[in-house]
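Q: Have a look at this one before I ask anything.
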Amino acid sequence: MAKGKPEEKPKHTSSAVGVKPEKQKELKHCQRTNMFLLAAIMVVVAVCVVPLTAEISAPDFHHLKHVVLKMDEALLRVSNDLETEVLVSWRSERCYQCLYQQLGVVPAGSSPGQPGSSDFAVSTQHEITLQLNSTAEVKELCKIQFHFGEHGNYSLWMENLNFSFNNCSLVTTTDPVNSNIPILVAFFVFVVLALMFAVGSRLLRTGVVRGLVLRINGSMEAERLINSELGSPRIDALVTDNILPSPASASRRLRSLDTFRGISLVIMVFVNYGGGRYWFFRHSSWNGLTVADLVFPWFVFIMGTSTALSINSMLRGGTSRSSLLMKVLWRSTQLFLIGVFIINPNYCLGPLSLDSLRIPGVLQRLAWSYLVVAGLDLLVARGHLDILTNDAWWSPALDILLYWPAWLCVLLLEIVWLCLTFLLPVPGCPTGYLGPGGIGDMGLHANCTGGAAAYIDRWLLGEKHIYQTPSSRVIYATQMPYDPEGVLGSINSVLMAFLGLQAGKILLHYRDVPTNVISRFLIWGLFLGAISAILTECSTDRGFIPVNKNLWSLSYVTTLACFAFVLLVLVYYTIDVKKWWSGAPFYYPGMNSILVYVGHEVFEDYFPFSWHMANSQSHTEHLVQNVVATSLWVFISYILYRKKIFWKI
């Protein structure tokens, strides 16, 4: 562990003017006490309040005879009054141009009034289409679209009317549970806690409340309460990176960047722990977006922003470009090795697992993106931006034109991605194929999952060294291994990091005029959003280049970069411009992102981050466990922040 200390501490803050050293110690003690209380409240809420919803959502299983329902399943009883067997098949509405999958066969009725019946477990995550065919004539009898509810009990009747018209009727015999209640309760509780702390901190700064506290508790206790860190806006002293230099004042750290990184990291940890096993906290099976698909690109984006500010700071401090390049190489190597040998599901199997060791990964992609973007920035970065003029006719595009060689390199990389994706011949697959394979595309390209991206990974890395269970298996029933952090997609991750670098250049060049920073962020967001609309044709599956996290498609990068610019505007305006929010609690994990990410992966299966659940098929129990584990990492990051312990590589 490496310790990082601020170079310069502010002598005064707006809320604690003239506090003596003895009182400062008491302030720190009070701050720690507040955070301990906050963590305790969060854990108590997660453990005690959220499980109360289990009483609301507990299903009644007494009617289940042959099928034991799991999470996100419902019971469907199909009754067949026809004189022929009926084949029941299904297809998810999220499965684009897919074959129907067999659910089972329902026997014919034994006699009039005594229909044959079968029970099936059906998925409740998305709307599905049921197709019922006669097995004797391979003839479609009826088709029904329906969104089943979790743990509901449904009956589907096949009746023969007038011997010429087959009628299907679906009825609900037992109402489903509302499995979203636990997460709604948890969200509401955290919102209430945030509002309580925000209102409390505001009230403690008013003259009336301040005087009342002074009279009741005395001046020392009043100082403790008023100056305790309950989310009050402050700008901390400078550490070693992510700075915003200003010629007119001392350098100061942008809390919004660490907060943005912390938001991405906290959501990433929650998602990696399971997200309560809700489908929208899992990665999209192929095209489209879920909450889980947002955070990794944002992390790459803000890494690029931090790189621009950090390199500019060190160049201003006199560090040579060659020594900075060596630091970039060493940091990239460390990230890559940590990703391969520590953040790896095979690391505990011993040296014999090297023959199936996964080479791509999250940290590996971060290492590659950082190496390329930092290297490009070192070639074109300027150490003294204060000597540049803003009066020329081209000054509105200053943050782009000054670095045109780097832009040219990134555009060439993007051309390489487009050519390899759409022109590289892939044996047995259509050229330019972007589909999931499996049962998609009516099963015509079952072994073509990922097209050129998968082919390049298998050729360069070997089939055993890439991800074996991709998310496309969930809906598209694919059998081929595919790695979402593969080689070809890493080109677009460089583009994502470079767009973040562009945000950093905007912060550097227009640092003295926040309105210029905000307006340029919004223009970039609008521009990238327009590109996404053109590439996707505003649809999930039918555009030129669909939004796809597995492929890290061009439209995926432009869409997520659009969101990133807009989110960065919000946090920058509220934290660094208006100082309405300090960024807590996301600021703390954002300051120790590598430690939190590596720690949550390594200790994922250990108590108190995980424990044996009484009912593993309960969203409530999974949600409680995942919320507690994520909250613990936020609390740990706060303790490390107070101790000035930061893991930097």
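Q: Mind listing just one residue for me: the one in segment 594-615 that is in contact with a helix residue (DSSP H, G or I) (Cβ under 8 Å, 6 or more places away or on another chain) and free of Cβ contacts under 8 Å to residues at least 12 places away in the same chain and, of those, surrounded by the most Cβ atoms within 10 Å (Cβ to Cβ)?
A: Ranking the qualifying residues of segment 594-615, first place goes to Asn615.
Q: Go through segment 306-325 and give me each residue that's open to solvent by 30 Å² or more (accessible area, probe 1.4 Å) and under 33 Å from the mean Cα position of the chain (by Cα).
A: Met314, Leu325
Q: Write out, first by first residue and then by second, each pair whose Cβ atoms fall under 9 Å of each other, whose residues are 6+ apart or on separate chains, and whose first residue, in segment 537-563, is part of a loop (DSSP other than H, G, I, E, B) while the second is of a type in the set (Lys, Arg) and open to solvent by less than 10 Å² (accessible area, probe 1.4 Å).
A: Once the first residue is part of a loop (DSSP other than H, G, I, E, B) and sits in segment 537-563, its partners that are of a type in the set (Lys, Arg) and open to solvent by less than 10 Å² (accessible area, probe 1.4 Å) give Trp552/Arg365.
Q: Taking the criterion of being over 19 Å from Asn550 (Cα atoms), charged (D, E, K, R) and touching a residue at least 60 places away in the same chain (Cβ under 8 Å), would at least one residue in segment 272-280 satisfy it?
A: Within segment 272-280 (the criterion being over 19 Å from Asn550 (Cα atoms), charged (D, E, K, R) and touching a residue at least 60 places away in the same chain (Cβ under 8 Å)), the answer is yes, since at least one residue qualifies.
Q: Take the residues in segment 607-635 that are of a type in the set (Phe, Trp, Tyr) and not in a helix (DSSP H, G or I); name whichever of them is nearest to Leu193 (Cα to Cα).
A: My answer is Phe609.
Q: Condition first: over 13 Å from Ala453 (Cβ atoms) and open to solvent by less than 70 Å² (accessible area, probe 1.4 Å). Now tell me which residues in segment 420-437 satisfy that.
A: Pro430, the sole residue that qualifies.
Q: Looking at Ser89, Ser134, Ser79, Ser123, can you tell me which residue is in contact (Cβ under 8 Å) with a residue 12 or more places away in the chain, among the small types (Gly, Ala, Ser), touching a Gly at 6+ places or on another chain (Cβ under 8 Å) and open to solvent by less than 60 Å² (accessible area, probe 1.4 Å)?
A: Ser79
Q: Among (1) among the aliphatic types (A, V, I, L, M); (2) open to solvent by 10 Å² or more (accessible area, probe 1.4 Å); (3) without any contact (Cβ under 8 Å) to a residue 60 or more places away in the chain, where does Val517 come up short?
A: Here Val517 meets the rest and fails (2).
Q: Given the conditions (1) part of a loop (DSSP other than H, G, I, E, B); (2) of a type outside the set (Asp, Glu); (3) over 20 Å from Leu289 (Cβ atoms), and given that Leu413 satisfies all but one, which numbered condition is not satisfied?
A: (1) is the only condition that Leu413 fails.
Q: Residue under question is Arg234, and the condition is that it be of a type outside the set (Ser, Thr, Tyr), out of contact with any helix residue (DSSP H, G or I) (no Cβ under 7 Å at 6 or more places or on another chain) and either open to solvent by 30 Å² or more (accessible area, probe 1.4 Å) or at pLDDT 90 or above (or both); does it hold?
A: Answer is yes for this residue.
Q: Can I ask one more? In segment 66-91, what residues are in a strand (DSSP E or B) and in contact with a Phe, Trp or Tyr (Cβ under 9 Å, 6 or more places away or on another chain)?
A: Residues satisfying the conditions are Glu73, Ala74, Leu75, Leu76, Arg77, Val78, Ser79, Asn80, Val88, Ser89, Trp90, Arg91.
Q: Further question: Take the residues in segment 452-487 that are surrounded by fewer than 23 Cβ atoms within 10 Å (Cβ to Cβ) and within 15 Å of Trp368 (Cβ to Cβ); name whichever of them is nearest to the chain's Cα centre (by Cα).
A: In this case the residue turns out to be Val487.
Q: For segment 282-303, does any single residue satisfy the condition of being open to solvent by 20 Å² or more (accessible area, probe 1.4 Å), of a type in the set (A, V, I, L, M) and free of Cβ contacts under 8 Å to residues at least 60 places away in the same chain?
A: Within segment 282-303 (the criterion being open to solvent by 20 Å² or more (accessible area, probe 1.4 Å), of a type in the set (A, V, I, L, M) and free of Cβ contacts under 8 Å to residues at least 60 places away in the same chain), the answer is yes, since at least one residue qualifies.
The values are calculated or read from the model by the stated rules, or taken from the named source; none is laboratory data. All figures in this text were calculated on a predicted structure; none of them were measured in a lab. Glycine also receives a Cβ, built like all others from the backbone with ideal geometry; neighbour counts cover every protein chain displayed. Each accessible area value is taken on the protein alone, full model and side chains, heavy atoms only, with ligands, DNA and RNA left out. Shrake-Rupley method; radii C 1.70, N 1.55, O 1.52, S 1.80 Å.
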